[in-house]
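Handing you a structure now.
Each value in this text was obtained by applying a stated rule to the coordinates, not by laboratory testing. None of these values were measured; they are calculated from a predicted model. So basically every Cβ, Gly included, is an ideal-geometry build from the backbone, and we count neighbours across all protein chains shown.
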Amino acid sequence: MAILPLYAGGGRADMDGRGRHSLAKRLRRRLLELRLAVSESPHGALALVSLVLCGVLFVAVGVMLRQPEDAVLSPAQQLCRERRDRVRQAFIHAWSGYEQHAFGHDEVRPTTNATNDSWGGFGAVLVDALDTMMLMGLDAELARARAHVAKLDFRKDYSASFFETTIRYLGGLLSAYELSGDELYLVKAKQLGFALLPAFNSPSGLPYHAVNLATGEAKNPSWAGRSTILAEAGSFQLEFSALALASGQSVFADRVRSVNAFFSRAESTDGLFPVTIDIDTGRLAGSHLTTGALADSFYEYLLKQYRHTGDAESLRLYNAAARGIARLLVREVPVRNLTFIGQLDGGVHVATQDHLMCYVPGMLALGSVTLGVEKPTEQLALAERLARTCYILYRDQVTGLGPELVDFRPDAREPSAAYAVKSGAYLLRPETLESLFVLYRVTGDAKYQDWAWQIFLAIERFCRTPSAYSGLKDVTRVDGEQNNSMQSFFFAETLKYLFLIFSPDDVLPLSDWVLTTEAHPLRVRGRIAS
Ligand code: DMJ
């Protein structure tokens with residue numbers, strides 16, 4: 001199975017290790033000898049003709065050797081390769097800024113070049129980006145990042161977000177381990193995994209929001225009160241299962257089993273759960289149903305757990321959730337033929353869609369090629385309609401980038417009134433690109449690549465800074481105004497999905513790999529994907 005064939009080794013044809021390098025060298029040496037012969041021999045003219053002929057031969061062989069695949073690339077494949085190279089250059093630009101101004105810190109501030117350590121100061125970008133560097137064949141950058149990882153000690157007196165630490169650091173280390181087989185990443189993942197375990201020391205067995213990585217003290221911040229957040233309770237299972245399998249430590253699988261058992265027993269509303277759950281009693285609290293903020297990756301992980309390990313109960317919950325999403329949350333704006341996902345508050349539909357929800361089309365498309373998923377054709381059709389809306393929200397804006405929050409107006413009479421932008425921020429988020437990538441893999445329709453390319457060009461135009469890339473304050477304004485922030489998911493997800501959509505299908509084939517909510521690939525362990 002091919003996973004890293006694009007740049008691994010860094011070299012091209014003259015470095016292919018099949019004797020071509022030495023042939024090129026021999027030709028060069030021959031040319032040198034002939035040049036000497038011209039100057040020394042009385043038969044200089046003959047030697048000169050030989051030199052010219054050899055030169056022509058050398059150029060012809062050189063052209064064949066430099067890009068052997070050019071000869072068989074179709075124009076479409078050639079275009080993909082050029083686009084992939086541009087994405088890789090963008091990654092290098094962002095990484096160089098981080099490396100020059102903030103190496104070892106969590107993030108660089110892309111306009112001021114200051115440092116930011118919101119995620120414990122372990123180097124969030126550096127760990128989140130490991131597998132993207134592996135895919136892109138950035139060996140030198142990877143070596144420097146690995147040297148930093150080798151020095152990391154996660155047992156720090158620091159109250160870490162259980163969710164963010166799991167998806168960014170633990171997921172990043174585990175996929176780096178699975179892609180490379182390098183034990184260092186597993187050793188660090190194990191250390192971090194054990195430091196995170198006390199998060200589950202709650203009366204309900206659901207994880208607290210925060211855990212001190214040195215003392216094990218686990219708690220919720222005041223804003224969360226006694227509640228655990230749905231996305232936080234349901235977005236660690238892929239990482240903990242992978243860690244259990246790689247380390248042989250069943251304690252990690254035990255946590256997955258007990259939280260999954262909780263959701264199996266819990267009573268849902270048409271497959272959907274409210275975003276908060278009482279951490280002491282396990283009572284589902286409130287009546288806010290959404291696939292967006294506070295809930296998103298919970299639903300994503302139902303499907304992906306099934307694809308990862310074949311867990312049948314996750315499939316049952318996913319099927320129920322997919323039905324509930326289609327029935328309770330999805331609505332239309334007929335005047336512009338837009339299909340969108342809203343929310344339910346106390347039983348009332350609220351037509352607000354956040355950018356985070358744009359992972360849903362990708363989830364449904366992935367569902368449509370998963371054995372045991374109900375109504376796959378309908379899921380794919382819905383995925384295509386929702387992805388189109390997510391893309392249109394980008395295309396409509398003067399910057400070509402999508403807003404954070406939109407209010408749809410199903411009753412609008414004019415196309416221009418189909419929605420209103422509620423928050424115009426663009427945080428370099430990946431969800432729309434994620435869905436375009438999955439839909440491209442599932443349908444093979446090149447329009448998804450073209451849409452992704454338009455988004456990439458808009459990022460280049462409005463988000464690029466001299467040292468990296470920045471989010472925007474308002475995508476509806478002609479200058480966008482940069483917000484001086486580049487979160488680690490830009491490296492882990494946004495650029496990775498862009499790179500993958502222009503890569504051949506045998507790079508991380510979806511049948512063999514499952515991507516976590518932070519786009520970290522983990523090897524499929526069950527046989528459930530078609
Ligand atoms: C990422 O950290 C993850 O995708 C997470 O699940 C939600 N959002 C951000 C990116 O927008």
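Calculate, for ARG226 and VAL72, the FRET efficiency according to 1/(1 + (r/R0)^6) with r their C-beta to C-beta distance and R0 56 Å; round to the nearest 0.05.
0.35
Another question, if that's okay. If amide hydrogens are placed 1.01 Å from N in the peptide plane, which non-local residues have theirs closer than 5 Å to the one on VAL330?
It is GLY342, by chain and number.
Oh, and also: Could you sort out which of LYS156/LYS304; LYS156/LYS219; LYS156/LYS496; LYS375/LYS496; LYS304/LYS422 sit more than 28 Å apart by Cα distance in this structure?
Where the Cα-Cα span goes over 28 Å, the pairs concerned are LYS156/LYS304; LYS156/LYS496; LYS375/LYS496; LYS304/LYS422.
What list of ³J(HN,Hα) values in whole Hz, one per residue of region 502-516 in order, does the Karplus curve 6.51 cos²θ - 1.76 cosθ + 1.60 (θ = phi - 60°) give from phi, with Gly and Pro shown as x?
Taking θ as phi minus 60°, the curve returns 9, 9, x, 5, 8, 8, 6, x, 5, 6, 10, 10, 10, 9, 5 Hz for region 502-516.
Where a Cα-Cα gap under 18 Å defines reach, which lysines qualify for LYS151, not counting those fewer than 8 residues away within the same chain?
Within the straight-line cut-off, LYS151 pairs with LYS188, LYS190.
Report the gain in length on full extension from ALA320 to ASP407: 0.36 nm times residue separation, minus Cα-Cα distance, nm rounded to one decimal.
Values: separation 87, 0.36 × 87 = 31.32 nm, distance 2.63 nm.
Extending this stretch completely gives an extra 28.7 nm.
Let me know the charge dipole size of the chain about its Cα centre in debye, to the nearest 20, where only the beta-carbon of Lys, Arg (+1) and Asp, Glu (-1) is charged.
I would put it at about 1140 debye.
Counting Lys +1, Arg +1, Asp -1, Glu -1, what net charge surrounds ARG86 among other residues with beta carbon under 15 Å of its beta carbon?
+3
Could you tell me the relative contact order of the chain? Use alpha-carbon pairs under 8 Å, at least six residues apart, and round to a whole percent. Intermediate results must be reported in sequence, preceding the final value.
On the way: 977 pairs, mean separation 81.1, N = 530.
This gives 15 percent for the chain.
A follow-up question, please. What list of ³J(HN,Hα) couplings, whole Hz, do you get for region 91-105 from phi and the Karplus terms 6.51, -1.76, 1.60, once you set θ to phi - 60° and write x for glycine and proline?
Once θ is set to phi - 60°, the couplings for region 91-105 become 4, 4, 4, 5, 5, 4, x, 5, 5, 6, 10, 8, 3, x, 7 Hz.
Related question: Name the long-range amide H neighbours of ALA218: under 5 Å, sequence gap of 5 or more, or other chain; modelled H, no Pro or chain starts.
For ALA218, whose amide H was placed from the backbone, the distant partners under 5 Å are ASN212.
Using only alpha carbon pairs under 8 Å that are at least six residues apart, calculate the relative contact order of region 84-178 and give it in whole percent.
Contact order relative to length: 24 percent.
May I pose another question? Place a point 7 Å from the Cα of ALA312 along the Cα-to-Cβ direction; which residues of region 259-276 have their backbone N under 19 Å from it?
260-266
Next question, about the same structure. Would you mind checking the radius of gyration and Dmax of region 208-276 based on alpha-carbon positions, in Å?
For region 208-276, the Cα-based Rg and Dmax read 13.8, 41 Å.
Using only the alpha carbons of region 90-137, determine the length spanned along each of the three principal axes and report them from longest to shortest in whole angstroms.
28, 22, 11
Summarise the long-distance tail of P(r) for the chain by giving the % of C-alpha pairs beyond 38 Å.
31
Contour minus end-to-end for ALA114 and SER416, with contour as 0.36 nm per residue of separation and end-to-end as the Cα-Cα distance? Intermediate values should be presented prior to the final figure.
Details: separation 302, 0.36 × 302 = 108.72 nm, distance 4.07 nm.
Roughly 104.7 nm would be gained on extension.
Kindly provide the trypsin sites (Lys or Arg not before Pro) of region 398-460 that DSSP labels as loop, not H, G, I, E or B, and whose Cβ sees at most 16 other Cβ atoms within 10 Å.
Working: sites: ARG413, LYS422, ARG441, LYS447; in loops: ARG413.
Sparse-neighbourhood loop trypsin sites (Lys or Arg not before Pro): ARG413.
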